[in-house]
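Single-structure report; data block below.
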Amino acid sequence: MSKTVFKRVLLKLSCEALASTTTDSCTNFGISQEMLERIARDIKNVCDLGVQVCLVVGGGNIFRGVHGMATHDLNRTTSDHMGMLATIINGLAMHNAIQAEGVPCRLMSAVPMETIAEFYVRLRAIRHMEKGRVVIFSGGTGNPYFTTDTAATLRASEMECDLMLKATKVDGVFTEDPAKNPNAEFIANLSYQDVLINKIGVMDATAIALAQDNHLPMRIFSIYKENGFVDTICNNGRFTKIS
């Protein structure tokens, strides 16, 4: 296995990754056991390189906050709180899968829920990783009106990570949706300003601006490729760099 220069990284998992083993998962809900096991193995491979790993998982495969406002006549705060709980459900599933791979893991929540997860404390999370444990951050930022992308960027900055990786359905950023246009061009490198000015929808603007302010490099890759996580941090395969 290749070596990596990174000491500590944060992996942002999209909700779609947990719902399906295929990229055509926009309408799928629930949790795929096969994907849980695949992602857990990939995380173990990264840990075996001596890299400290933490992760944030979305919750849209359980409940999508924005859609909840439209379909259930919910106000934004209530809808976002329901989405936070969905991330805790996914965090529990991911925690179980990682532990099953023999990797020690801790689930932390920004929403107090002591019987299910540790309450998020920055120095405690860092200590867990220093002891070789994977840390899963759930509950978003603990506040409504913020996405899990923003939560991931915030936690990566707080943890002083060397790199943040976002696992998506495709190999990185393209000029168009490659599912709709097979001739869409792959973009290997972007600046934070490129993403903000051109409104490239890889992450919300708040997350990108926070990454820029904290000089946090990012990589966008496909979680549907076997060993995609470990390959990306080892500079193998195809992915997009944002810095």
Considering the range 189-207 alone, what residues qualify as being loosely packed, with under 12 Cβ neighbours inside 10 Å and of a type outside the set (D, E, K, R)?
189, 193, 197, 198, 201
I need the full set of residues from the range 155-172 which are in contact with a Phe, Trp or Tyr (Cβ under 9 Å, 6 or more places away or on another chain) and part of a helix (DSSP H, G or I), in order please.
155
Filter result for residue 108 (aliphatic (A, V, I, L, M), in contact with an Asp or Glu (Cβ under 6 Å, 6 or more places away or on another chain) and part of a strand (DSSP E or B))
yes
Residue 62 passes all but one of the listed conditions (1) buried (at least 16 other Cβ atoms within 10 Å of the Cβ); (2) assigned to a helix (DSSP H, G or I); the exception is number (2)
Is it true that residue 56 is within 19 Å of residue 11 (Cβ to Cβ), outside any helix (DSSP H, G or I) and either at pLDDT 95 or above or of a type outside the set (Val, Ile, Thr) (or both)?
yes
Conditions (1) touching a residue at least 60 places away in the same chain (Cβ under 8 Å); (2) touching a helix residue (DSSP H, G or I) at 6+ places or on another chain (Cβ under 6 Å); (3) under 19 Å from residue 216 (Cβ atoms) -> residue 173 fails only (2)
I'm checking my understanding of the structure. Among residues of the range 190-207 that are assigned to a loop (DSSP other than H, G, I, E, B) and not charged (D, E, K, R), which one is modelled with the lowest pLDDT?
201
Give the range 229-243 a look and list any residue that's out of contact with any Leu (no Cβ under 9 Å at 6 or more places or on another chain) and part of a loop (DSSP other than H, G, I, E, B), or say none.
235, 236, 237, 238
May I ask you to verify whether residue 192 is touching an Asp or Glu at 6+ places or on another chain (Cβ under 7 Å) and either within 29 Å of residue 113 (Cβ to Cβ) or not aliphatic (A, V, I, L, M) (or both)?
no
Options 100, 117, 125, 167; residue that is at pLDDT 95 or above, of a type in the set (Gly, Ala, Ser), crowded, with 18+ Cβ neighbours inside 10 Å and closer than 23 Å to residue 17 by Cα:
117
What's the number of the only condition in (1) in a helix (DSSP H, G or I); (2) in contact (Cβ under 8 Å) with a residue 60 or more places away in the chain; (3) loosely packed, with under 15 Cβ neighbours inside 10 Å that residue 210 fails to meet?
(3)
Give the range 11-28 a look and list any residue that's modelled with pLDDT of 75 or more and over 13 Å from residue 221 (Cα atoms), or say none.
15, 16, 18, 19
Among the residues of the range 87-103, count how many are assigned to a loop (DSSP other than H, G, I, E, B) and either among the basic types (Lys, Arg) or over 19 Å from the mean Cα position of the chain (by Cα) (or both).
2
Under 6 Å between Cβ atoms, which residue pairs at least 6 apart in sequence (or on different chains) link something in the range 4-16 that is outside any helix (DSSP H, G or I) with a partner that is not hydrophobic (A, V, I, L, M, F, W, C)?
6/162; 7/162; 8/52; 8/162; 12/166; 14/58; 14/168
Filtering the range 125-154 down to residues that are β-branched (Val, Ile, Thr) and part of a helix (DSSP H, G or I), which residue is farthest from residue 165 (Cα to Cα)?
126
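The values are calculated or read from the model by the stated rules, or taken from the named source; none is laboratory data. These numbers come from a predicted model, not from an experiment. Note that each Cβ is placed from the backbone with ideal geometry, even for glycine, and that neighbours are counted across all protein chains shown.
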